[in-house]
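The values are calculated or read from the model by the stated rules, or taken from the named source; none is laboratory data. Keep in mind that this is a model prediction, so the values were computed, not measured. Note that we place each Cβ from the backbone using ideal geometry, even for glycine, and neighbour counts take in every protein chain shown.
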Amino acid sequence: MNRTSLRDVGLYLRGRLIKRLTQLASARDRTPPVVPAPIPEVIRGVRTPQALSRLLEGRSNPEREFAVARYFRALGIPFTAHRFETGEGKGENFTVDLGAGDRVLLLAAHHDAVPRSPGANDNAAAVGLLLNLIERLAASPPTKLRVRFLFTAAEESAYLGARQYVLGANTAELAGVLSLELCGIGDSIVIWDVAEQTPFLGTVGAALEGLGLRRDAGYHTVGRIPMFGSDHRAFAPLGIPAYGFTLVPSGNAEALRQFVFSPVRSALRHMIRRPVPFDTYHTPRDRGDTLEPAALALALRALEAVIVEAA
């Protein structure tokens with residue numbers, strides 16, 4: 001068995017473990033289900049990141065996938081669909097490219113959610129951010145940088161959609177990847193899975209500092225997180241600078257550090273108690289009314305600043 005297949009088996013087993021823990025934790029939760037907003041209503045309404053998160057909130061994964069494609073078609077946004085089916089699962093990724101040039105900055109957000117979770121912060125908020133950013137960037141796209149918006153399926157199955165995407169992508173053109181996760185709650189940005197300093201990491205840091213955010217205060221860079229992951233991990237083994245992009249409450253910094261960097265404790269707390277924003281993560285309580293407009297505004301400003309700095 002080659003290295004890639006061993007890695008895929010490991011990811012599959014990890015995904016099964018987390019899914020089982022999620023099912024056990026959610027089984028005790030009596031939060032009523034979310035009634036999804038009508039898709040045409042969301043498309044016709046205001047298109048702030050929080051409003052656009054309603055496009056996905058409370059829907060099944062096939063419905064979430066359909067909603068993203070319907071949104072693009074309704075607004076006349078050119079997109080490419082990448083359908084896949086493997087023994088691990090199936091789904092459809094979507095990409096939208098804006099700008100021009102040889103270098104590509106890839107911003108990713110998965111559109112799926114775990115069963116029984118409305119999936120607002122994980123990960124409808126991130127999808128809403130990218131949809132809003134597409135509309136803003138289309139008015140004045142960069143001339144020396146292409147920005148690729150990647151919306152993946154089956155991220156909750158050990159990044160399956162992203163792993164399938166990289167198989168057919170020209171990864172040599174990628175200057176860097178940011179994968180958006182849990183972007184709707186908090187006042188501090190975390191760039192995570194940072195193994196070493198890279199030019200792209202320098203670009204991200206310069207962009208955030210240009211907004212007045214100070215390192216280890218307004219934003220943080222941290223190493224590999226044992227119990228959690230996201231789509232950027234499909235790109236990193238190929239030598240591409242790829243990181244997670246998340247917002248957290250600065251007041252919970254120490255509790256979050258202990259939680260995410262202690263795998264055993266994380267597994268136990270998954271069943272008992274978790275700090276914000278992980279208190280609603282993968283649960284029926286991950287609802288739109290927990291999202292914070294200020295957090296989404298900060299995330300949007302940061303992403304726009306990264307695009308300007310990268311260009």
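For L129, the criteria (1) outside any strand (DSSP E or B); (2) surrounded by fewer than 24 Cβ atoms within 10 Å (Cβ to Cβ); (3) touching a helix residue (DSSP H, G or I) at 6+ places or on another chain (Cβ under 7 Å) hold in every case but one, which is (2). Tell me, yes or no, whether the stretch 203-212 has at least one residue that is β-branched (V, I, T), touching a helix residue (DSSP H, G or I) at 6+ places or on another chain (Cβ under 6 Å) and within 29 Å of E254 (Cα to Cα). The answer is yes; a qualifying residue exists.
Can you confirm whether the stretch 184-191 contains a residue that is farther than 24 Å from D289 by Cα and not in a loop (DSSP other than H, G, I, E, B)? Steps first, please.
Applying the first criterion (farther than 24 Å from D289 by Cα) to the stretch 184-191 yields 191.
Filter again for not in a loop (DSSP other than H, G, I, E, B), leaving 191.
Within the stretch 184-191, one or more residues are farther than 24 Å from D289 by Cα and not in a loop (DSSP other than H, G, I, E, B).
Among the residues in the stretch 80-91, are any closer than 19 Å to L145 by Cβ and in contact with a strand residue (DSSP E or B) (Cβ under 7 Å, 6 or more places away or on another chain)? Looking for residues that are closer than 19 Å to L145 by Cβ and in contact with a strand residue (DSSP E or B) (Cβ under 7 Å, 6 or more places away or on another chain), one finds at least one in the stretch 80-91, hence yes.
Where helices (runs of 4 or more DSSP H) fall entirely within the stretch 209-311, those with at least 2 residues that are surrounded by 20 or more Cβ atoms within 10 Å (Cβ to Cβ), modelled with pLDDT of 95 or more and small (G, A, S) are at 293-310. Flag: A100 matches the condition of being under 25 Å from N170 (Cβ atoms) and surrounded by fewer than 18 Cβ atoms within 10 Å (Cβ to Cβ).
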